[in-house]
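Report on the structure given below.
Values quoted throughout were computed directly from the atomic coordinates according to the rules given, and no laboratory measurement underlies them. For clarity, every value in this text was computed on a predicted model and none was experimentally measured. Cβ sites come from the backbone with ideal geometry, for glycine too, and all protein chains shown count toward neighbours.
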Amino acid sequence: MTTELMILGWTLVLTLVQIMVTGAFRTKETGTEYNMGPRDGGAPPPRPVTARLQRAQANLFETLPLFAAAVLIAHVGGREGDLTLWGAWAYLIARVVYVPLYAAGIPVVRSIVWMVSLAGLGMILAAILLP
């Protein structure tokens, strides 16, 4: 297995962690009974940290399919190399750093870290598309 595929696997682990952490924060607000029930009644609005975690999770869901597809295309197409390796690392590390920054409400640095993750994705795409 290539390092890029392993990084994709760890990115999926990060995704599961974000789902579980966000769910745990929300369950603390609504209670286990509400969470396990049909949720027919209205729930209270999420508290700020929970809402930020929800937005960070949604943000990951926006780019994860692109990242996964790019890594898989690079692998199948035999285009893996330094650019895909560094791009995959940049994406994963930035996504890991992004979560606590967003949860803490740190605005500018969070956006820069998000751009690093997109740059990593762009590096993989460049390796696929450029001769």
Alpha carbon convex hull of segment 1-121, volume per residue in cubic angstrom: 106
Relative contact order of segment 1-105, defined on C-alpha pairs under 8 angstrom at six or more residues apart (%): 46
Helical contribution to [θ] at 222 nm, DSSP H n ≥ 4, -39,500 (n - 2.57), averaged over the chain, rounded to 500: -28500 deg cm²/dmol
Among Gly122, Val21, Val96 - extreme Cα towards positive end, dipole of segment 3-129, charges at beta-carbon: Val21
Pairwise FRET efficiency - Ile73 versus Glu29, Cβ, R0 = 41 Å, nearest 0.05: 0.55
